[in-house]
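The values are calculated or read from the model by the stated rules, or taken from the named source; none is laboratory data. Computed from a prediction, not measured in an experiment: that's the story for all the values here. No Cβ is skipped: glycine too gets one built from the backbone with ideal geometry, and neighbour counts run over all protein chains shown. These area figures cover heavy atoms from the full protein model, side chains too; ligands, DNA and RNA do not enter into them. Shrake-Rupley method; radii C 1.70, N 1.55, O 1.52, S 1.80 Å.
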Amino acid sequence: MRKLLCAICALIGITASGKVKLPAFFADNMVLQQQSECNLWGWAEPGTRVCITTSWDKKGHNVMANKYGLFSLKVKTPEAGGPYFIGFKDKDHVLINNVMIGEVWICAGQSNMEMQMKGFKQQPVEGTTEELLNCKDSQLRLFTVKRHVSLTPEQDVTGQWSEANSASVRDFSATAYYFGKALRATLDVPVGLIVTAWGGSACEAWMAPDWLKAFPKVNQHVTEEDMKQLQQRCPTALYFGQLKPLVGYTMRGAIWYQGEDNVPRYDYYAPLLKTMVEGWRKEWKQGDFPFYYCQIAPYDYSLIEWKDSQYLREQQAKAETMISNARMAVLMDAGLEYGIHPRKKRQAGERLAILALANTYEQKGLPDFATYKEVTFQNDTAVVSFDRSKEWVYFEHGTTSPNFEVAGQDKVFKPATKVWVSRNRVYVVCDEVKKPMAVRYAFKDWVDGDLMHDGLPVSSFRTDNW
């Protein structure tokens, strides 16, 4: 490999000077997006010529470091395969070995994205032991960005690529791992996952200052003292510290699991998330790349003196209708009453993968999440219908459900006394409400969601706007 690198660089007349430095994510074991013009960049002495060699096409590229020492170029990648190497030469050689070409995804959010396969202290992930015994896969590559806050743009992150094995998977995001594992099994190509997440982080922390101007409730004048006190909850601090350095890494799309920290500020979450996604897309310059996200799972928020997480879930469902090329994975059946970190991370990762495989990779035969469509009233009976429900809805634990409520003109909700399903409609009756005006399903902090479609849960919903 070194002989090939030297031969090509000699042919294009490289002049040697300083030492090339690369971002941490351009390193051994990395994955580049297949069949794309992938961005590469790094630093050398200003004015230095740098030769970059890509082994898959045996081509050399001659680029110049600008006055700030930055150099960049685009390289064309072939169909999935590898391993390959990429060589950089100015005065010295820098080789990136064991490079795979495949599918790359950015995986971001707060603790339920960050939560490692080993779990948190006294908070396990379901199925970890079995998974660690069977997770070895040299074509699944994992990179975790180390936690870091900043109020100015960072150029690099801390982290390293690893092949999937029991040691690397144990310390990697469980949700992201299950997402990547499902992609590997279905697509049969190398997959690279870059996780940038921090437990307790606010959506606002992942956004640039200009994007937040539309939200007057957000602090527009953040100081270093604010950042020290708020850390991952500080507006813009993770955008600059953990996301901005990744911008430009050519990828297929992003997955997102966040929202718990925004429960007390649920009222503007949908437009906030829309603004964040549009900002990321503008920065990445890859068009409307796919964005798939988890709806937060049910949990008894009174345990942390919060409430009304159902309204945040509602905002997340609304965001799906506001953001192009975005879909939401529902987790109504995968929560934990006494823990904000559900154990069922396989469900989270695999449901994100279902969305990606069906909508980005156009895989046929996969199930879909049914959504609430409308309600009509027939005397004392509310009739609820659904979209995306060609397989018809059903209840997970029998022929009825305890999770429906009905209200009349007084706007007081009372538990339904009769609930049944016919085709893709749910019929709801409350003996105390003779003239129903509104229905709610699972519209509370903690609930064991049981309304299903094709093996997937239906989101909590309400038919009113009271």
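Per-structure values
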quantity	calculated
Those strands (runs of 3 or more DSSP E) lying entirely in the stretch 24-97 with at least 1 residues open to solvent by less than 10 Å² (accessible area, probe 1.4 Å)	31-33, 37-43, 49-54, 70-76, 81-89
Residue under evaluation Leu336, criteria (1) within 23 Å of Trp280 (Cα to Cα); (2) without any contact (Cβ under 8 Å) to a residue 40 or more places away in the chain; (3) aliphatic (A, V, I, L, M), criterion not met	(1)
Meets criteria (among the aromatic types (Phe, Trp, Tyr) and under 20 Å from the mean Cα position of the chain (by Cα)) for Phe143	yes
Evaluation of Val263 against (1) under 17 Å from the mean Cα position of the chain (by Cα); (2) over 22 Å from Val157 (Cα atoms); (3) open to solvent by less than 30 Å² (accessible area, probe 1.4 Å) (one fails), failing number	(1)
One residue from Gly109, Gly119, Gly127 being in contact with a strand residue (DSSP E or B) (Cβ under 8 Å, 6 or more places away or on another chain) and either open to solvent by less than 10 Å² (accessible area, probe 1.4 Å) or of a type outside the set (Phe, Trp, Tyr) (or both)	Gly109
Residue among Ala348, Ala329, Ala334, Ala356 that alone is in contact with a helix residue (DSSP H, G or I) (Cβ under 9 Å, 6 or more places away or on another chain), closer than 18 Å to Ala182 by Cβ, of a type in the set (A, V, I, L, M, F, W, C) and surrounded by fewer than 23 Cβ atoms within 10 Å (Cβ to Cβ)	Ala334
Test: Thr158 is closer than 25 Å to Val191 by Cβ and open to solvent by 10 Å² or more (accessible area, probe 1.4 Å)	yes
Close pairs (8 angstrom Cβ cut-off, 6 or more residues apart or separate chains): without any contact (Cβ under 8 Å) to a residue 24 or more places away in the chain in the stretch 71-85, open to solvent by less than 40 Å² (accessible area, probe 1.4 Å) anywhere	Pro83/Val99; Pro83/Met100
In the stretch 150-172, residue nearest to the chain's Cα centre (by Cα) [restricted to those that are part of a loop (DSSP other than H, G, I, E, B), within 24 Å of Phe120 (Cβ to Cβ) and not charged (D, E, K, R)]	Phe172
Hits in the stretch 200-218 (condition: free of Cβ contacts under 8 Å to residues at least 24 places away in the same chain, out of contact with any Asp or Glu (no Cβ under 7 Å at 6 or more places or on another chain) and assigned to a loop (DSSP other than H, G, I, E, B))	Pro216
Every residue from the stretch 368-422 that is of a type in the set (S, T, N, Q), open to solvent by 90 Å² or more (accessible area, probe 1.4 Å) and part of a strand (DSSP E or B)	Gln378
Number of positions in the stretch 425-444 that are surrounded by 20 or more Cβ atoms within 10 Å (Cβ to Cβ) and either acidic (Asp, Glu) or closer than 11 Å to Val375 by Cβ (or both)	7
Residues of the stretch 220-234 that turn out to be assigned to a loop (DSSP other than H, G, I, E, B) and either open to solvent by less than 70 Å² (accessible area, probe 1.4 Å) or under 30 Å from Glu103 (Cβ atoms) (or both), as a count	3
Count of the stretch 210-232 residues which are touching a Lys or Arg at 6+ places or on another chain (Cβ under 9 Å) and among the polar types (S, T, N, Q)	3
Count - residues of the stretch 133-149 that are part of a loop (DSSP other than H, G, I, E, B) and open to solvent by less than 100 Å² (accessible area, probe 1.4 Å)	4
Output for the stretch 412-439, where each listed residue is among the charged types (D, E, K, R) and closer than 12 Å to Ser401 by Cβ	Lys418
Any hit, the stretch 235-249, residues being surrounded by fewer than 18 Cβ atoms within 10 Å (Cβ to Cβ), modelled with pLDDT of 95 or more and closer than 25 Å to Arg141 by Cα	yes
